[in-house]
1. Starting from the Cα coordinates of region 54-98, work out the convex hull volume and express it per residue in Å³.
2. So, with +1 on the Cβ of K and R and -1 on the Cβ of D and E, and no other charges, what is the size of the charge dipole of region 1-86 about its Cα centre, to the nearest 20 debye?
3. Give me the net charge for the shell around Ala89: Cβ to Cβ below 12 angstrom, other residues only, Lys and Arg +1, Asp and Glu -1.
4. At 222 nm, what value in deg cm²/dmol follows for the chain if DSSP H runs of at least 4 each add -39500 (n - 2.57) and the sum is divided by all its residues, to the nearest 500?
5. Apply the Debye scattering formula to the chain, with a single equal point scatterer on each alpha-carbon and no solvent, then give log10 I(q)/I(0) at q = 0.10, 0.20, 0.22, 0.25 Å⁻¹.
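Every number in this text was worked out from the coordinates using simple rules, so none of it is lab data. Please read all numbers here as calculations on a predicted model, not as lab measurements. When we count neighbours, we look across all protein chains shown, and the Cβ atoms used for this are built from the backbone with ideal geometry, even at glycine.
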Amino acid sequence: MILTLIGYRATGKTTLGRLLAQRLGWDWIDADVEIERRADKSIGQIFADDGEPAFRDLEARVIADLCRRDRLVLAAGGGAPLRPESRMAMREAGKSCG
């Protein structure tokens, strides 16, 4: 099961995500940090170099990968649910298996 927090920048996803994961004893990750790690550049640089469609493609891949994990609190940006495949991945990952 994954708990996904979505929302605009600076709304507390990182702070709440860390606290919630700690309380549950789960891992936590910020999808934007993972996107930057995989791209080896900042989100701003991804937008500048490749444009928003390329960023959204990468974001969808990262969300899909992260949603395969278990016991994860995931902080996703407000744009993540704009992609149907990301919405579906987050929805399915949030369902309890037991």
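1. In region 54-98, the Cα convex hull volume per residue is 63 Å³.
2. Details: 13 positive and 14 negative charges, 84 e Å.
Dipole of region 1-86, to the nearest 20 debye: 400 debye.
3. +3
4. On the way: 5 runs with 54 residues, N = 98.
For the chain, the value works out to -16500 deg cm²/dmol.
5. -0.25, -0.97, -1.15, -1.39
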